[in-house]
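Let me begin by presenting the structure, written as structure tokens, before commenting on it.
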Amino acid sequence: MKNIQMVDLKGQYNKIKKEIDTSVLNVLDSTAYINGPEVKAFQTDLENYLDVKHVIPCANGTDALQIAMMGLGLKPGDEVITADFTFAATVEVIALLHLTPVLVDVDADTFNINIKALQKAITPKTKAIVPVHLFGQCANMEAVLEIAKTHNLFVIEDNAQAIGADYTFNNGVKKKAGTLGNVGTTSFFPSKNLGCYGDGGAIFTNDDKLAHTLRGIVNHGMYKRYYHDVIGVNSRLDSIQAAILRIKLRHLDQYCDARRKAALYYTEGFSENQNIITPTISDFTTHVFHQYTLKIQNTDRDALHKHLLDKGIPNAIYYPVPLHSQKAYQDKRYNESDFTVTNTLIDTVISLPMHTELEKEQQDFIIKTILDFINN
Ligand SMILES: *Cc1c(COP(=O)(O)O)cnc(C)c1O
């Protein structure tokens, strides 16, 4: 059996090595390293894939969130609501822009923003909601969008983990994750479902005016060369990464299928054990399994984590500390009683190896090792 990896970037690269190498060498030869034709071509390819009017490439997923918030004109003191159980980038940029982060609890079964908690957190100062499509499936966007409409709020989807997922509205309309709100963001960090070989990110929107604003902000606030109309940043996707992403985008649906297949195999393997709770998929979304995350009951989760590492099975705790308890984001406004779900999840979740190259033999070994450790 091959060594098990959390994410097998090498195995995935080897399968498309010729295509990738050729197109990277073409960029080197062209010397159009910044804003070259590959960037524009990738932008168009991704617009077509997502069926969205505008894709604005940028340097990483954290910048994408920050630029989206700048583009919407959010001002210091505006409250922005997001989930307590996510990667820190989301709350980091809210705080950096001197907006006020308002963290709310998540659903125990999907790990996504809890709609009741979201409703309860709205005040006259609330200006935006940032649902995070955590681990690869969409938050309840029908409810989020309805709340946003009622209270006149912006919706910024943090889609760093769910690119390629499909959302189906009650009326049957289907859209790609990240294209449902006013603006969506993603990350092309190498281990993400659509990852490049360095840093990268993008912003999506169907709003022409917002797209124009965002294109200026990513480029020092310039709409005409050396005329700075607004305060911007320098945030670019480079041409080499764009060339790599163009090739990988052609494989994205197949990558999503491979992840789903591996997830189903895990779920079947654990189905008999009452102390292992496998992922729940909401009926309005497909799941692209950026992470395959179990909840463990009546077992010492940290002991399982160590045991698996000892057996050569990488695994991770996403996330070990809820954002409201992080030193940087503590705030007297928060009550522990408002975070009963995230406070429980941090002690029960464990994410297993999940990537496009997992083999049955490896999964059988992982499943057996876990079942042997956790008594029914
Ligand atoms: C990875 C990630 C980001 C940040 O992306 P970077 O490209 O690393 O800046 C933001 N939000 C979520 C939910 C992520 O998983």
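The values are calculated or read from the model by the stated rules, or taken from the named source; none is laboratory data. Owing to the predicted nature of the structure, the values given are computational and were not obtained by experimental measurement. No Cβ is skipped: glycine too gets one built from the backbone with ideal geometry, and neighbour counts run over all protein chains shown. Just so you know, the surface numbers come from the protein's heavy atoms only, side chains and all, with ligands and any DNA or RNA stripped out. Shrake-Rupley method; radii C 1.70, N 1.55, O 1.52, S 1.80 Å.
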Please give the number of the condition A108 fails out of (1) open to solvent by less than 30 Å² (accessible area, probe 1.4 Å); (2) touching a helix residue (DSSP H, G or I) at 6+ places or on another chain (Cβ under 9 Å); (3) among the aliphatic types (A, V, I, L, M). (1)
When you check Q12 against the structure, is it surrounded by 15 or more Cβ atoms within 10 Å (Cβ to Cβ), of a type in the set (S, T, N, Q) and part of a helix (DSSP H, G or I), yes or no? yes
Screening K53, K149 for residues that are open to solvent by 30 Å² or more (accessible area, probe 1.4 Å) and free of Cβ contacts under 8 Å to residues at least 60 places away in the same chain leaves only K149
Looking for something among the hydrophobic types (A, V, I, L, M, F, W, C), away from the ligand (no atom under 13 Å from the Cβ) and in a helix (DSSP H, G or I) - is there at least one such residue anywhere in segment 159-169? no
Can you tell me which residues in segment 181-192 are open to solvent by 10 Å² or more (accessible area, probe 1.4 Å) and more than 7 Å from the ligand (Cβ to nearest atom)? G181, N182, P190, S191
Under the condition of being open to solvent by 10 Å² or more (accessible area, probe 1.4 Å) and of a type in the set (G, A, S), which residue from segment 153-180 is nearest to R250 (Cα to Cα)? A160
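Would you check if N140 is surrounded by fewer than 24 Cβ atoms within 10 Å (Cβ to Cβ) and within 29 Å of L245 (Cα to Cα)? Steps first, answer last, please.
Values: surrounded by fewer than 24 Cβ atoms within 10 Å (Cβ to Cβ): yes; within 29 Å of L245 (Cα to Cα): yes.
So N140 passes the test.
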Selection from segment 111-136 of residues surrounded by 19 or more Cβ atoms within 10 Å (Cβ to Cβ), more than 15 Å from the ligand (Cβ to nearest atom) and not aliphatic (A, V, I, L, M) yields N114, T126, K127
Among A64, A89, A83, which is the only one that is small (G, A, S) and either surrounded by fewer than 22 Cβ atoms within 10 Å (Cβ to Cβ) or away from the ligand (no atom under 16 Å from the Cβ) (or both)? A89
Quick one: is Y197 open to solvent by 80 Å² or more (accessible area, probe 1.4 Å), in the same structural domain as L134 (by TED's automatic domain parsing) and hydroxyl-bearing (S, T, Y)? yes
Here are Q254, Q297: which of them is in contact with a strand residue (DSSP E or B) (Cβ under 8 Å, 6 or more places away or on another chain) and either open to solvent by 60 Å² or more (accessible area, probe 1.4 Å) or β-branched (V, I, T) (or both)? Q297
Do the conditions hold for L46, that is, is it at pLDDT 95 or above, within 16 Å of the ligand (Cβ to nearest atom), closer than 14 Å to V132 by Cα and part of a helix (DSSP H, G or I)? no
Checking A139 against (1) assigned to a loop (DSSP other than H, G, I, E, B); (2) more than 16 Å from the ligand (Cβ to nearest atom), which test does it fail? (2)
